[in-house]
Amino acid sequence: MNDQPPPTTLRSIVQAATGYDVRRCGRCSYCVHFVTPEDDVSLEMMLQLVMQNDEEVLTSRTLWSDDALKRARQMCVSTMDVAAIMLALREEARRRGLSKDAG
Ligand code: SF4
């Protein structure tokens, strides 16, 4: 009875790990103003990719940028902790062998 299947979509994986449903992103584009040349996608786009269950998000430069991670703590106007979401996505990338860091 307690044997729930493990979450399979990126959205459900993030929700299980952080408690945040990425559908709460209001697509307000506020975070888009803080994209740097090093980033390949904005936070908004990152969350959209999660919603679409697009694995590409797991190898995006933005996801693995520590600078973007720092900015994520302040860049989102929703009540979601986007940095925590990014860390959950990094963890999932490692699990799938898609890690972009040495560890
Ligand atoms: S600031 Fe937050 S709510 Fe607005 S688009 Fe970016 S991620 Fe979504």
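The values are calculated or read from the model by the stated rules, or taken from the named source; none is laboratory data. Note that the structure is predicted; figures quoted are calculated from it, not measured. Glycine also receives a Cβ, built like all others from the backbone with ideal geometry; neighbour counts cover every protein chain displayed.
Restricting attention to segment 2-51, the residues that are closer than 19 Å to L89 by Cα, in a loop (DSSP other than H, G, I, E, B), among the hydroxyl-bearing types (S, T, Y) and free of Cβ contacts under 8 Å to residues at least 60 places away in the same chain add up to 3.
T59 passes every criterion in (1) within 16 Å of the ligand (Cβ to nearest atom); (2) at pLDDT 95 or above; (3) among the hydroxyl-bearing types (S, T, Y) apart from (1).
When residues in segment 28-50 are screened for being surrounded by fewer than 19 Cβ atoms within 10 Å (Cβ to Cβ), near the ligand (Cβ under 6 Å from one of its atoms) and not small (G, A, S), 2 of them pass.
Hey, among the residues in segment 65-86 that are without any contact (Cβ under 8 Å) to a residue 24 or more places away in the chain and crowded, with 16+ Cβ neighbours inside 10 Å, which one's nearest to I13 (Cα to Cα)? It comes out as A83.
Counting the residues of segment 12-27 that are touching a helix residue (DSSP H, G or I) at 6+ places or on another chain (Cβ under 8 Å) and near the ligand (Cβ under 7 Å from one of its atoms) gives 2.
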